[in-house]
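Note sheet for the following structure.
A short reminder: the numbers here are calculations on the coordinates, not readings from a lab. Remember, it's a predicted structure, so these values are computed and weren't measured experimentally. Backbone-built Cβ (ideal geometry, glycine too); neighbour counts: all protein chains shown.
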């Protein structure tokens, strides 16, 4: 990892400290391939705060614990086309402005603020449905994509798949009928049926 | 000189090679793509190991995979199994989209196939004769039935015995049973609509590994639903993991990769194919391989292109094309006619495992005569799930934080996916030709594919969607999404028909042994051979025809008839 990566790691660590997250378990190798700083310090701090607010630590790890901010930056660098990266950065700018500085708000303030924003942004839209398997069209498609990416990264993580959900990579058997109990969780992972 | 050359190593070519090798023939298999290494199969990847969360970079997707990306199976874990559209161009008329989904590598599309495995029935083989459409199949169900048995036993097909004339039973392993949501749906559909059946999807995944499967190094299906990434357990049939290794074990197979077929060499004096001209995909060096018999299993469009590019003074319209039917009658299945419904009163139960199939509703229209406004019929594939998880929370405005996590932990409502597969009629105007000017990077003419659905398909699609909604609602479902237009021609990935079988050499390309009418030692056993499409997934039929034709060719060769 080059010097630039170290800088980014330091910056991200600083942002993470704002929300009290541990930096020990982060998949920093996700940053190794990042060539350019795609986010400003404010955008990065907002990303960490928004991910933490969307999926906080509870009795299981939250989005920051499993490294979603770093993975999200990895997607910006390695997956997103320029227009998508710009739209997602714009979402972060809009989130940053909430409450006069989103990252600096208390956890309770962040939640109340983001919840109101989220409710308006995801209000149903009359736009045609592009993907029958995806979520219904929303008023703010860029924010919808931002939230979907954060949730996707979280629920693809090993802690979320194995602690929040009941993912098994090799189920090994098909049981067509299983009794539902209070401990039953969705299986997560691929496969439609 | 080889005894036989098989062009293509995919679903059909793998079986042709195996059957010819097992009869003692020295066989050369030509594969236009590269080899596949064990590491190319990515079923070992945990979800958190998927590059870019399974997504191909957007710019790469737009530049290299504009067509392939229409296929559900393309992801960052499978892109090595799909061609880059940018490297393998073809042409269509501006108003007739055609989605040509391809995988050029050892094993071909059999690595990423959907594995649904159904027999055609007597009704299907007699359909063209009955309706006066296309060419009458020169075979009937009884001709192919023992070869269906043979293939099912070899590849392993899980399914239930149902006793239906329109969907004959076969040599089955136990089925992947319907889950409780599906059983409730089955009960409602079968009582509300007499004659309709909801059965477990028949699938080429080993519910059990029998002795002869274990002897091939195959293990039972681990119920992961990672199939399009390959399978370290070899639990589903693919040419890569099943047919080609069987051919290899005979010691009679030579397989050459990166071997793009340019054309066939035809000797007008003997009226025999004597060899195959090949361009090396990497070095562009030319080679001609010689054999006594040639099997073209290059896929429906690929086979048509090879025949057309083999035109000569003796056969100016293309090899084995005196009928002018080569390239014509391109068919697919109507696909993506989708109904999604939720069932609030579904049973309070769940299931374990990610089953590699769902349910199937066999054809029920026009079974005993012509009753509808359209010819032929359709079936449905579908399934019920209770996915829950992130998909359940993303669409709920204002749901964040602890409440979001709590909601995502819940099982979702029973949700049904129901997709119609409709028969497409043979139409000689739906055709593949060689583009007169544009070439690919190896200097070969690009395909020009011109195909569109007709009035029969339009009427059938409407009925498919009416029936889909009616069945969902009769079972207590609330329809949340429908797609009322079939996807682009080709996206069913069941393209077929461009060298049709038939009794009459003036209107068909192949006779009853998949032998070209015009050139006795040239056989075609891929989808090109199909005279009609049925509505069933066709790979099993291609494999059965390949085995049957290989047996016939080996006998003819032994008798000196070729």
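Sort out for me the Cα centre separation of the range B:252-269 from the range A:63-104, rounded to whole Å.
54 Å
With the alpha-carbon atoms as the only input, what is the per residue convex hull volume for the range B:276-404 in Å³?
Details: hull volume 43.3 nm³, N = 129.
Cα-based convex hull of the range B:276-404, divided per residue, equals 336 Å³.
For an R0 of 30 angstrom, estimate the FRET efficiency from the Cβ-Cβ distance between residue B:171 and residue B:559 and round to the nearest 0.05.
The value I calculate is 0.50.
What is the Cα coordinate range of the range A:45-86 on the first, second and third principal axes, sorted by size from largest, in whole angstrom?
37, 16, 13
Please give the contour-minus-distance gain from residue A:78 to residue A:60: 0.36 nm per residue of separation, less the Cα-Cα distance, rounded to one decimal in nm.
Length gained, residue A:78 through residue A:60: 3.6 nm.
Please report, in whole Å, how far the alpha carbons of the range B:1-51 spread along each principal axis, starting with the longest.
Computed over the range B:1-51, the largest-to-smallest principal extents equal 49, 20, 15 Å.
Once the cut-off is 33 Å, how many percent of the Cα-Cα pairs in the protein assembly as shown end up in the long-distance tail?
The answer is 53 percent, as a whole percent.
List the relative contact order of the range B:148-261 as a percent without decimals, with contacts defined as Cα pairs under 8 Å and 6+ residues apart.
For the range B:148-261, the relative contact order is 22 percent.
Given the range B:402-547 reduced to its alpha-carbon atoms as identical point scatterers, what log10 I(q)/I(0) does the Debye formula return at q = 0.09, 0.17 Å⁻¹?
-0.46, -1.07
Report the relative contact order of chain B, percent, no decimals, based on alpha-carbon pairs under 8 angstrom and at least 6 residues apart.
Taking the mean separation of contacting Cα pairs over the length of chain B, I get 22 percent.
When all alpha-carbon pairs of chain B are counted, what percent fall beyond 31 Å?
Result: 46 percent of Cα pairs exceed 31 Å.
Under 18 Å from a label point 7 Å along Cα→Cβ of residue B:367: give me every residue in the range B:172-214 with its amide N that close.
B:186-202
When only C-alpha pairs under 8 Å and at least 6 residues apart count, what is the relative contact order of the range B:484-527, in percent?
On the way: 47 pairs, mean separation 11.6, N = 44.
Here the relative contact order equals 26 percent.
First measure r as the distance between the Cβ atoms of residue B:317 and residue B:191, then evaluate 1/(1 + (r/R0)^6) with R0 = 51 Å and state the FRET efficiency to the nearest 0.05.
Here the calculated transfer efficiency is 0.35.
Quick check on packing: order B:411-423, B:281-293 by the mean number of other C-beta atoms within 10 Å, highest mean leading.
Working: B:411-423: 23.7, B:281-293: 14.3.
Highest-to-lowest ranking by the protection proxy: B:411-423, B:281-293.
Enter the angle in degrees (range 0 to 90, nearest 10) between the Cα long axis of helix B:455-474 and the first principal axis of the Cα atoms of chain B, meaning the one along which they spread out most.
Long axis of B:455-474 versus the principal axis of chain B: about 30 degrees.
What's the Kirkwood radius of the range B:238-289 in Å, using all Cα pairs?
Evaluated on the range B:238-289, it is 12.9 Å.
Show log10 I(q)/I(0) for the range B:296-367 at q = 0.14, 0.21, 0.24, 0.26 Å⁻¹, two decimals, from a solvent-free Debye sum over equal Cα scatterers.
Once normalised to I(0) and log-transformed, intensities are -0.73, -1.02, -1.14, -1.23.
Can you work out the FRET efficiency for the pair residue B:287 and residue B:466, with r the C-beta to C-beta distance and R0 = 56 Å, to the nearest 0.05?
Details: r = 55 Å, r/R0 = 0.99.
For R0 = 56 Å, the calculated efficiency reads 0.50.
Return, for the Cα atoms of the range B:1-105, the radius of gyration and Dmax in Å, separated by a comma.
For the range B:1-105, the Cα radius of gyration and maximum Cα-Cα distance read 17.3, 50 Å.
Enter the mean number of other protein chain beta carbons within 10 Å of the beta carbon of each residue in B:180-187, as an integer.
So the per-residue partner count for this stretch is 1.
Quick one: angle between helix B:141-155 and the longest Cα principal axis of chain B, in degrees between 0 and 90, rounded to 10, please.
The helix B:141-155 is inclined about 70 degrees to chain B.
Can you pull the Rg over Rh of the range B:487-545, Cα-only, Kirkwood?
1.00
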